[in-house]
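Peer 1: Submitted below is the structure of interest, expressed as structure tokens.
Since every read-out is calculated from the coordinates, none of them should be taken as a lab result. For clarity, every value in this text was computed on a predicted model and none was experimentally measured. Ideal geometry is used to build each Cβ from the backbone, glycine not excepted, and the neighbour counts take in all protein chains shown.
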Amino acid sequence: SRNRRIRFSEARTEQALSPTFSHLNTIIGLGVFMIITTLGISYTGALYSDYLPINTSTTFDNTQSKYNVTRILGSGYTFDVEKYQKYSPMFLAPTFALNYGLSFAALIAAIVHTIVYHRGELWTRLRLARKQEPQDVHMRLMSKYREAPDWWYAVLFAIATAFGLATVLGYSSQCPWWAYFVSLIIALVFIIPCCMILGITNIQLSLNVISPYLAGFMIPGRPIGVMIFKVYSTIVLGQAQTYSQDLKLAHYMKIPPRITFWSQVVMSFWASIVQVAVMNWTLSNIPNACASDQTSHFTCPNGRTFFSSSITWGVIGPQRMFGPGSIYAAFRWFWLVGALLPIAFYVLTRFFSQKQLRFLHAPVMLGAMSWLPPATPLSFTSWAMVGLTFNWWIRRRYNGWWSTYNYITAAALDSGLIIATLVIFFAITLPEVSVPAWWGSVGVFETMDSLGTAIRKTVADGETFGPKTW
């Protein structure tokens, strides 16, 4: 449901932990690159947006129906160009198309930003990685513990890589062995810039767009293979960021590095089993799970976005969706925005003395909205408002309270959300207990926006919209 998505987004990004400039850069990016641009696209009728909802991860054909991907698939779940030409091009909502463009820009901006702003520090850290002397109280206290040796990481990497390769080769994955290794290399390229940005801003960037974009050129027309490529590269980068975050927390909590290593390994293994088991149980026991009209609003918004991505990159492919002459060709130039914006901000800080300019952060402006859709602008504005309340207003006026309780409160909010989710699921959702109906639980799902009917133009039965050839 919409309200659940909002709360999930807020908890996920840990608003009370992000610095003030992260909130402000997110609001600037949301306003300029998402809201204003989306309104411009929608109210000029560009990209045939007159015929589409403004914000949804659902894809559409030229009759305004949900895109039926089975009509363009051939044998072995591969793309059939003749069926595609007889059926319809695929149309994306304005925010969904912008999400793809901004994702291109954010990853390029991450690399350029790291080179422009942090090249000196990065080079120094790499040279002194094994020769650091304890310089602060945390390093002095942690120096008494033995580090997890490099060969532990090497062995773990070899085992995980072997299991991944066995999965790709042992099943009908549509992903050749060389593509599997390319997916890992892409993740490795982005680990340092993305982890540096996460450490500074508490904003996590993802390969969930640029990875399948590249895979769509390497193994075109193979949706399963493209999605496997996407999952491996995206999860490797995501887990690297999460693990570095956990190492940082363990460093401050004075947890020995070897204990941190093994606790992560054991729980990752256990979580993989639990997650697959829960997913299988959910799909088998919750009626109509993931359908848009599911009675308990168990609609799987992230899964729906992933499915739409598989059509975009894996079936139809980036060349037809974003190549020259396509409906969304302009969005492939967003990488240029990502390359130039950090340089522009850097030049501004050099030529103007206002110290506030140094807080302009292109990767955050471009990449913080990666969950929109299925999230909504409200998800990010509410996140920013809560964050600014804690890290700007309370920090300035009640610094003693903030220093003592801010991070404890953030952890309590996350824990409370998890506990409340469990209680609601086992006490209400699972036994199908009916709850009192009121406007907040009923009316919000009866709006034109929720029903997907907020469209300015409709086509009559038997008619179509969009280009005549594709």
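Peer 1: Rounded, prolate or oblate: which fits the chain, taking a ≥ b ≥ c as square roots of the Cα gyration tensor eigenvalues, rounded meaning a/c under 1.5, else prolate when a/b beats b/c?
Peer 2: rounded
Peer 1: Apply 1/(1 + (r/R0)^6) to the Cβ-Cβ distance of V276 and S75, taking R0 = 45 Å, and write down the FRET efficiency to the nearest 0.05.
Peer 2: It comes out at approximately 0.95.
Peer 1: Hey, another quick one. Just the isolated ones, please: cysteines in the chain lacking another cysteine beta carbon under 4.7 angstrom.
Peer 2: Lone cysteines by the Cβ rule: C175, C194, C195.
Peer 1: Further question on the same structure: How far, in degrees from 0 to 90, does helix 177-201 lean away from the longest principal axis of the Cα atoms of the chain, to the nearest 10?
Peer 2: Value to nearest ten degrees: 60.
Peer 1: Additional query: How far, in degrees from 0 to 90, does helix 94-127 lean away from the longest principal axis of the Cα atoms of the chain, to the nearest 10?
Peer 2: 20 degrees
Peer 1: Calculate for the chain the 222 nm mean residue ellipticity that helices alone would give, adding -39,500 (n - 2.57) per DSSP H run of length 4 or more and normalising by residue count, nearest 500 deg cm²/dmol.
Peer 2: Result for the chain: -19000 deg cm²/dmol, rounded to the nearest 500.
Peer 1: Right, something else. Roughly speaking, what is the stretch gain from I235 to Y405, that is 0.36 nm per residue apart minus the C-alpha to C-alpha distance, in nm to one decimal?
Peer 2: 58.0 nm
Peer 1: So between L169 and K144, what do we pick up on full extension, going 0.36 nm a residue minus the alpha carbon distance?
Peer 2: Answer, rounded to one decimal: 4.5 nm.
Peer 1: Can you give the charge dipole size of the chain about its Cα centre, rounded to the nearest 20 debye, using +1 on the beta carbon of Lys and Arg and -1 on the beta carbon of Asp and Glu?
Peer 2: Roughly 1240 debye, rounded to the nearest 20.
Peer 1: A further question on this structure: Give the shape of region 10-76 as rounded, prolate or oblate, defined through the alpha-carbon gyration tensor: a ≥ b ≥ c are the square roots of its eigenvalues, a/c under 1.5 means rounded, and otherwise the shape is prolate if a/b is larger than b/c and oblate if not.
Peer 2: The shape class here is oblate.
Peer 1: Taking a threshold of 28 Å on the Cα-Cα distance, which of the pairs K86/K457; K66/K230; K144/K248; K230/K254; K230/K457 fall above it?
Peer 2: K230/K254; K230/K457
Peer 1: What is the angle, in °, between the Cα long axis of helix 377-388 and the longest principal axis of the Cα atoms in the chain? Nearest 10 is fine, range 0 to 90.
Peer 2: 20 degrees
Peer 1: Something else: For K83, give me every one of the lysines with a C-alpha distance below 16 angstrom, ignoring sequence neighbours fewer than eight places off in its own chain.
Peer 2: Straight-distance partners of K83: K468.
Peer 1: Using +1 at the C-beta of Lys and Arg and -1 at the C-beta of Asp and Glu, which of N62, F334, S42 has the Cα lying farthest in the positive direction of the dipole of the chain?
Peer 2: Highest projection toward the positive end goes to F334.
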